[in-house]
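In what follows, a structure is listed as structure tokens, so that the remarks can point back to it.
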Amino acid sequence: MDLAERNDKAQRQVEDSNWIDHLARVGVLVYGSVHLLVAWLVVRLAFGDSAGSASGSGALHTLAGTGVGRISLYGVSAGFFALLVWQGLEACFGYRRDDVRKRLGNRLMSAVKVVIFGAIGVNALLLALGAGGGSGHGTDGITARVMAMPAGPLLVGAVGVVIIGVALGMAYYGLAQNFRDTLSEEGETGSSGRTYRMLGTVGYGSKAVAIALVGGLFGYAALTHDPQKSGGLDQALHEVLQEPFGGPALVVVALGLTCFGLFCFAMARHLDR
């Protein structure tokens, strides 16, 4: 058996594997749960409670604040490592039915997700073990060091442009309902299918808005040469909260993140790899 045949066999095994299906479903359930917790933190922020960071890292720190929550972080970590394994296999062997160009693009995205899910999983595990982890309160220290470099503001601005580009891609993914490729036929049809599609469209759109806000902060930091203007989702939401429409806008963002979390639950039930 030559290399091409062995690779094709490995791709078929990954595609048809039941245990990978189970891993993916568990991971997607955890992913959705984290988004629901972030949505709750955004609602609290909208009504004046800023005790916790309204971000993924902040959600993990919130869980770490109680005994039961700290125990649940082991499950969160396991869920994200399940996502890591799934996307790692997809990056190596997945998307067999796609054409070459689309397959390479999808595998690259899966590789990026491996890094993201791995970082979140490690952070959750460290918090569960009481070893700390990132505070989840901004990136101005890193941005300040970049700003001090030659062409630093341009680099920071480029980061902002990339982040906004990711947001636009996610918005298109949601509006075009490309996520339907991840749902089984049962998950796409009937009244429940229409509900799932609505949740996916609104959810991805809301995530795109949240990511675009972060990109906007980096762009503003580059224009003003002020690294303290950059930051993550929590800082972006605090900036929005300062506006006259801030409170209602954050509630809308929270509702959108709730839709995404619920869509993840639907995706876990009707996953079609």
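The values are calculated or read from the model by the stated rules, or taken from the named source; none is laboratory data. Keep in mind it's a predicted model, so treat the numbers as computed, not measured. In this analysis, Cβ positions are derived from the backbone assuming ideal geometry, glycine residues included, and neighbour counts consider all displayed protein chains. Quick note on the areas: whole protein, heavy atoms, side chains included, nothing else; ligands and nucleic acids left out. Shrake-Rupley method; radii C 1.70, N 1.55, O 1.52, S 1.80 Å.
One table, with the values for the structure above:
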{"read-out": "Residues of segment 211-233 that turn out to be over 15 Å from residue 142 (Cβ atoms) and not β-branched (Val, Ile, Thr), as a count", "value": "9"}
{"read-out": "All positions within segment 96-128 that are touching a Phe, Trp or Tyr at 6+ places or on another chain (Cβ under 6 Å) and either within 14 Å of residue 23 (Cβ to Cβ) or modelled with pLDDT under 90 (or both)", "value": "103, 106, 117, 121"}
{"read-out": "Filtered residue count, segment 178-202, keeping only those that are outside any helix (DSSP H, G or I) and either of a type in the set (Phe, Trp, Tyr) or open to solvent by less than 50 Å² (accessible area, probe 1.4 Å) (or both)", "value": "2"}
{"read-out": "Test: residue in segment 77-95 that is at pLDDT 90 or above and farther than 30 Å from residue 13 by Cα", "value": "no"}
{"read-out": "Segment 18-56 - residue that is free of Cβ contacts under 8 Å to residues at least 12 places away in the same chain and not in a loop (DSSP other than H, G, I, E, B) and, of those, least open to solvent (accessible area, probe 1.4 Å)", "value": "44"}
{"read-out": "Where residue 158 falls short, out of the listed (1) modelled with pLDDT of 90 or more; (2) closer than 26 Å to residue 261 by Cα", "value": "(2)"}
{"read-out": "Conditions (1) open to solvent by 30 Å² or more (accessible area, probe 1.4 Å); (2) in contact (Cβ under 8 Å) with a residue 60 or more places away in the chain; (3) closer than 28 Å to residue 209 by Cα; (4) in contact with a helix residue (DSSP H, G or I) (Cβ under 8 Å, 6 or more places away or on another chain): number failed by residue 70", "value": "(3)"}
{"read-out": "Residue list for segment 216-271, filter: more than 24 Å from residue 60 (Cα to Cα), among the aliphatic types (A, V, I, L, M) and open to solvent by 10 Å² or more (accessible area, probe 1.4 Å)", "value": "222, 223, 271"}
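Quick grid of which residues meet (1) outside any helix (DSSP H, G or I); (2) at pLDDT 95 or above; (3) closer than 17 Å to residue 159 by Cβ:
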residue: 204; (1), (2), (3): no, yes, no
residue: 215; (1), (2), (3): no, no, yes
residue: 244; (1), (2), (3): yes, no, no
residue: 249; (1), (2), (3): no, no, no
residue: 252; (1), (2), (3): no, no, no
residue: 255; (1), (2), (3): no, yes, no
residue: 263; (1), (2), (3): no, yes, no
